[in-house]
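Only one structure is covered here, and it is reproduced in the block below.
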Amino acid sequence: MKKEDIIKVQELEKKLQYNERLKAVTNKINSVSNIDEIFIRLTNDILGLFDAERITIYAIDPMRNELYSKHLVGAEIKRIRLPISASSLAGYVAYTLETINIPDVYDAATLKAINPRLTFDSSWDKKTGFRTKQVLATPIRFENRLFGIIQFINKKEEEAFSKEDERNIVEIARILGIAFRNQSKMLTTRFNYLVMQNILTDEELKRAIIAARERKKEIETVLMEEFKVQKKDIGAALSQSYGYKFIEYSEKYFIPRDIAKGLNLNYLKNAHWIPISAVGGKVVIAIDSPNDMKISEIKSLIKADDYEFNIALKEDISKFINSLEKDAEYSAKPTSSVSDIISELEVREEDDLDRTDSNLDENAGAIVRLANKIIVDAYEKGASDIHIEPSKAKKKVDVRYRVDGACLRHIEIPYSHNSALVSRLKIMSSLDISERRMPQDGKIKFTYKEKQIELRVATLPTVGGEAVVMRILAASEPMPLTALRLSERNIRELRDIVSKPYGLVLVVGPTGSGKTTTLHSALGHINVPETKIWTAEDPVEITQYGLCQVEVKPKIKFDFARAMRAFLRADPDVIMVGEMRDHETAATGIEASLTGHLVFSTLHTNSAPETITRLIDMGLDPFNFADALLGVLAQRLVRTLCKDCKQPYHPDKEEFEELVDAYGSQYFPELGVMYDDKFTLYKAKGCDKCNNTGYRGRAGIHELLVGTNPIKKLIQKKALMELIRDQAIADGMKTLFQDGVDKVIQGLTDVKQVRRVCM
């Protein structure tokens, strides 16, 4: 073998060894529970990658505009602080966001060539006796946000750090950037400062967030009242988070009446901002959360040469507004509010809904009323779907409603009216009434009792004429997690999963099993002002304030994968994608979850363990998938017994044993139920309130697979579904059927309904 070939082989082996060590270090970085572990525990591992004598990792303290690092001196942790300026090498890197590679820090000409103001602080060398020669440093960033600096000192075997070292430090800084960003999210961005300054612990901050959410209070109020955090510290945290000065209410501020007179007080109270002074051409605004959209809105309402935004608590902003309200000078009322204009537009749109077509026959008026009545009745009965089914043989048209998962006959219509009724529904759906041989899809939107209702319409040609199926998508608020009837273990684990800062959460089941409802309940649980949530849905069925909801349009090639790629450029914290239908969408979702985003989605699979094998079969990388997975929730909806007429009864021993066998005899004791004379089940009877069916309403049954370490190892090995299921059960998962049996024993449903939806 030639000498140059030997060198190439050696270089290749060296590169492979480096990549293996880098992978090991990356795994350690991604597994840290706090930033201190990076400062204290991982520096030597990272140092070993670069053959350097020393390493320092700095983080940003934006409140002081400083860099800080931590290191162990004996058993005590000491801090180093540097200004972000050219007075130090690390400070210069933070200031310019440039990588520096200096072969001799004592060479003034070299430093001057980089920047005339750049200096090396040699006091540390003099103090310790250590001689600094070469320095390699680069910024730690994530998506253009600076989190810190990584700096290596003195290459051991060579006179300077190489170009390859420069490439490697940029790569390790990228990995650290993701870790720093994820840790900052875990500490809750707005109040990270309180934890950093040891005013609160991580656990106390989490408790405060939960308490604020449960009591529907501002978290700042909870922190001050229950955790005794001083207002000035709250202000310092908000100032650090937003980058603006914090102010409190004071009568010294002279609110500019000429500017304020053009603003609606009710609007200011809801928007939580107010102009508090105006000097020259500059207006000073007190605001609770200066996001880009709110600032843009303020600038459109108040014209000024310059704007200064100050952070204030909502209670202080209310005091400013109240002081203005009491002012006799502030008497002029603004013109129509935004809500008035929106209401006016809604009326105009509603006027257009009942336009008829001249092609309808002489009974057009009756047909219009019939179409409207069918839809309104379905909505009133809580139906999810409307089926209009013509039968040429029987000369009639059946109208059936799907209520609580079962199709119930509502009315019969003379067959002669079917063509006119279908034409009317096509007109409402903007479909082609002349096309009767091909299926068509459309939508109907209208307002009923001040609620926006949308119907997804599908027409299909049958031998008896055109049939119509309409899915009712009534805009609604998300249900709280506690209303989903999750078991104690499932709700505890699900709350923990959805509160993670990044990872992949899947909700799976067949069409109509309540996946969207569950997803929105989970999003509602984490929907707070400091979290940016994007959703891509088809269609948008549930609307939530605080979410940016996008409806995909496959006809114009705007699908889930394309929406997700767009979201990644839109500064998301959380992404929800309606369905992972293909490899591209699934792979993009996993990529997003591995780069610091919490991703929610759904799949049409039969169980939680099966979901894992399905995604691996799609061609996903099992290692990335394992790293990303937080949990999979499989669910079904079962019809519940009517509360007004369900009948209690004492089952015989044989029926009890069937329940035990269905649940699993080895697991049944965990329910704490024994067969005795008091053991009671319930069965359907029927009354007027449930249309004599014995059932009214539906409830979810669930199985929650949590992405534990043993599960992740099985995923990496592409294990069989049965092995994954056994491990999940060992980790505490109840199967769908087990959860169903549990709800039978609770008297919520019966075994017949559980068997209808579970295999």
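Looking at (1) -0.53, -1.22, -1.35; (2) -0.44, -0.99, -1.13; (3) -0.36, -1.08, -1.33, which value of log10 I(q)/I(0) by the Debye sum over Cα atoms at q = 0.06, 0.10, 0.11 Å⁻¹ comes from a calculation on the structure shown?
(1)
May I ask you to sort His597, His272 by Cβ crowding, counting other Cβ atoms within 10 Å and putting the fewest first?
Placing the least packed residue first, the sequence is His272, His597.
Where the Cα atoms of the range 407-496 are projected onto their three principal axes, how long is each span, largest first, in whole Å?
So the extents along the principal axes, rounded to whole Å, are 55, 29, 25.
Given Lys396/Lys555; Lys70/Lys532; Lys445/Lys515; Lys381/Lys752; Lys126/Lys155, which pairs have Cα atoms separated by over 29 Å?
Details: Lys396/Lys555 35 Å; Lys70/Lys532 31 Å; Lys445/Lys515 23 Å; Lys381/Lys752 24 Å; Lys126/Lys155 20 Å.
Listed pairs above 29 Å: Lys396/Lys555; Lys70/Lys532.
What 222 nm value per residue comes from the helices of the chain, counting each DSSP H run with n ≥ 4 as -39,500 (n - 2.57) and dividing by all residues, nearest 500 deg cm²/dmol? Walk me through the intermediate numbers first.
Values: 29 runs with 304 residues, N = 759.
The helix contribution divided over the chain gives -12000 deg cm²/dmol.
Expressed in nm to one decimal, what extension gain is obtained for the pair Met721 and Lys685 from 0.36 nm per residue of sequence separation less their Cα-Cα distance? Intermediate values should be presented prior to the final figure.
Numbers: separation 36, 0.36 × 36 = 12.96 nm, distance 4.00 nm.
Answer, rounded to one decimal: 9.0 nm.
Extension gain Ile210-Glu143, at 0.36 nm per residue separation less the Cα-Cα distance, in nm?
Values: separation 67, 0.36 × 67 = 24.12 nm, distance 2.92 nm.
Between Ile210 and Glu143, full extension yields an extra 21.2 nm.
Sequence gap at least 6, Cα distance under 8 Å: using those rules, report the relative contact order of the chain to the nearest whole percent.
7
Can you give the charge dipole size of the chain about its Cα centre, rounded to the nearest 20 debye, using +1 on the beta carbon of Lys and Arg and -1 on the beta carbon of Asp and Glu? The partial results should precede the final answer.
On the way: 111 positive and 111 negative charges, 29 e Å.
So the dipole magnitude of the chain works out to roughly 140 debye.
Under the rule of at least 5 residues apart or a separate chain, name every residue whose amide H is placed under 5 Å from the amide H of Thr693.
Here Cys687 satisfy the definition.
Percent of Cα-Cα pairs more than 18 Å apart in the range 365-445, please.
Working: 1454 of 3240 pairs.
Summing the P(r) tail past 18 Å for the range 365-445 gives 45 percent.
To the nearest 0.05, how large is the calculated FRET efficiency for Glu218 and Lys245 if R₀ is 22 Å and r is the Cβ-Cβ distance? Each step should come with its number before you reach the end.
Values: r = 20 Å, r/R0 = 0.91.
After rounding to 0.05, the efficiency reads 0.65.
Can you figure out the FRET efficiency of Asn44 with Tyr649, using R₀ = 51 Å and their beta-carbon distance, to the nearest 0.05?
Values: r = 69 Å, r/R0 = 1.36.
Efficiency, rounded to the nearest 0.05: 0.15.
Which listed residue (Thr708, Ala278, Ile35) has the Cα farthest towards the positive end of the charge dipole for the chain, taking +1 on Lys and Arg C-beta and -1 on Asp and Glu C-beta about the Cα centre?
Final value for the positive-end residue is Thr708.
Less than 18 Å apart at the alpha-carbon level, and either on another chain or at least 8 residues along: which aspartates and glutamates does that give for Lys395?
Those aspartates and glutamates meeting the cut-off are Glu412, Glu466.
Using a basic spin-label model with each label point 7 Å from the Cα along Cα→Cβ, how many nm lie between Arg257 and Lys555?
Label at Arg257, label at Lys555, 5.7 nm between them.
What dipole magnitude, in Debye to the nearest 20, does the range 698-758 give about its Cα centre under +1 on Lys/Arg Cβ and -1 on Asp/Glu Cβ? Before the final figure, lay out the partial values.
Working: 11 positive and 7 negative charges, 46 e Å.
Taking the Cα centre of the range 698-758 as origin, the dipole is about 220 debye.
Rg and Dmax in Å for the range 196-331, alpha carbons only: what are they?
16.1, 49
Once the Cα gyration tensor of the range 655-759 is found, what semi-axes does its equivalent ellipsoid get, as square roots of 5 times the eigenvalues, in whole Å, sorted largest first? Could you put the intermediate results ahead of the total?
Details: eigenvalues 204, 60, 20 Å².
Semi-axes, largest first: 32, 17, 10 Å.
Looking at the chain only, what percent of DSSP beta bridges run antiparallel? Nearest 5 please.
Details: 87 of 120 bridges.
Roughly 70 percent of the DSSP beta bridges within the chain come out antiparallel.
Under the rule of at least 5 residues apart or a separate chain, name every residue whose amide H is placed under 5 Å from the amide H of Phe147.
Result for Phe147 returns Ile140, Arg141, Phe142.
How big is Rg to Rh over the range 21-187, alpha-carbon atoms, Rh as the Kirkwood inverse-mean-distance radius?
0.94
Give, to the nearest whole percent, the P(r) tail of the range 521-626 beyond 18 angstrom, counting all Cα pairs.
Values: 2670 of 5565 pairs.
Looking at the range 521-626, the distances longer than 18 Å represent 48 percent of pairs.
Read-outs throughout are calculated quantities, based only on the coordinates presented, and are distinct from any laboratory measurement. Fair warning: this is a prediction, and the values are worked out from it, not measured in the lab. Neighbour counts are summed over all protein chains in view; Cβ atoms, including those assigned to glycine, are modelled from backbone coordinates with ideal geometry.
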